[in-house]
Amino acid sequence: GSGRWKSRAWLLLFLVFGLTAWQKIEAQILAPCSIVCLADDPSIAVLLRLDDSCKVTINATSFIFSQSCPSDKAMVVRDEYGAIVAQGQNQLRVDLSGKVGQLFTVTVVDLGTGLTCVGYARVVDENPPQIMCRDTLLPCSADTSVAALGMPLILENCDTSFSIKRSD
C-alpha cells in the first residue's frame, strides 16, 4: 500500500535531485575556463595605495577576472626596468616606500590552465605628511627670513621625493 508508494516517491525524489546536483557539478567541471585581463593599459593602471607602513596589498583579482577557473593565480610584479619586485600567489603584501608615482607591470598566471594576463599598477601615497610649525608672534618689522624663523618640521612616512619651497 501506502508504504510502498512513499518509498518509491522518496526514491524518485532522490533520483531527480541527485541527478540535478550531479549535472551542476559536471557542468562546472566541463565548463571552459576563461579569463578577462583588467588594467592592461598603462593609462588605466590599478592604483596601489600605500598604507601607514608604506606597504600595499596586491590582489590577483585586480588584474584578472576569471570564469570557472578555481586554480591559484601566480603573480610577478616588475618595476619600470623589468626587475622583479615581488612574486607569490593570489595576494601579495609589498613594501613600496620610495616608489610613489612609479608604474609597475603585474603578470598573473592561472596555474590550472596557464592563461596569462599582464596589467599595470601605479603606486600612490594618499596619507598626508605631518607638518609641525612653531607658533610665533611677530611684530610687523620682524625679520621673517628662514634664518630667523627656521623651517617647519615635516614628517613624511612613505614619499621621499617631496621638496619644500618657501614663498612670501
Self-check item: Per residue accessible area of the stretch 43-168, 1.4 Å probe, in Å²
Solution: 63
Quiz item: Carbon and sulfur: what percent of the stretch 65-105's accessible surface (1.4 Å probe)?
Solution: 44
Quiz item: So how exposed is Arg49, as accessible area in Å² (1.4 Å probe, rounded to 10)?
Solution: 120
Quiz item: What residues have an amide H closer than 5 Å to that of Ser71, excluding those fewer than 5 places away on the same chain, when H is modeled at 1.01 Å from N in the peptide plane?
Solution: Gly112
Quiz item: If packing is taken as the mean number of other Cβ atoms within 10 Å per residue, what is the order of 138-147, 108-117, highest first?
Solution: 108-117, 138-147
Quiz prompt | Phi-based couplings in Hz for the stretch 144-149 (Karplus 6.51, -1.76, 1.60; Gly and Pro marked x) | solution = 10, 6, 4, 4, 7, 9
Quiz item: So which aspartates and glutamates can Lys99 reach, going by Cα to Cα under 15 Å and dropping same-chain residues fewer than 8 places off?
Solution: Asp51, Asp52, Asp79, Glu80, Asp125, Glu126, Glu156, Asp159
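The values are calculated or read from the model by the stated rules, or taken from the named source; none is laboratory data. Note that the coordinates shown come from a computational prediction; the quantities given were computed from them, not determined experimentally. Counting neighbours? That spans all protein chains shown, and the Cβs are built from the backbone with ideal geometry, glycine included. Only protein heavy atoms, including side chains, enter the accessible area calculation; ligands, DNA and RNA are left aside. Shrake-Rupley method; radii C 1.70, N 1.55, O 1.52, S 1.80 Å.
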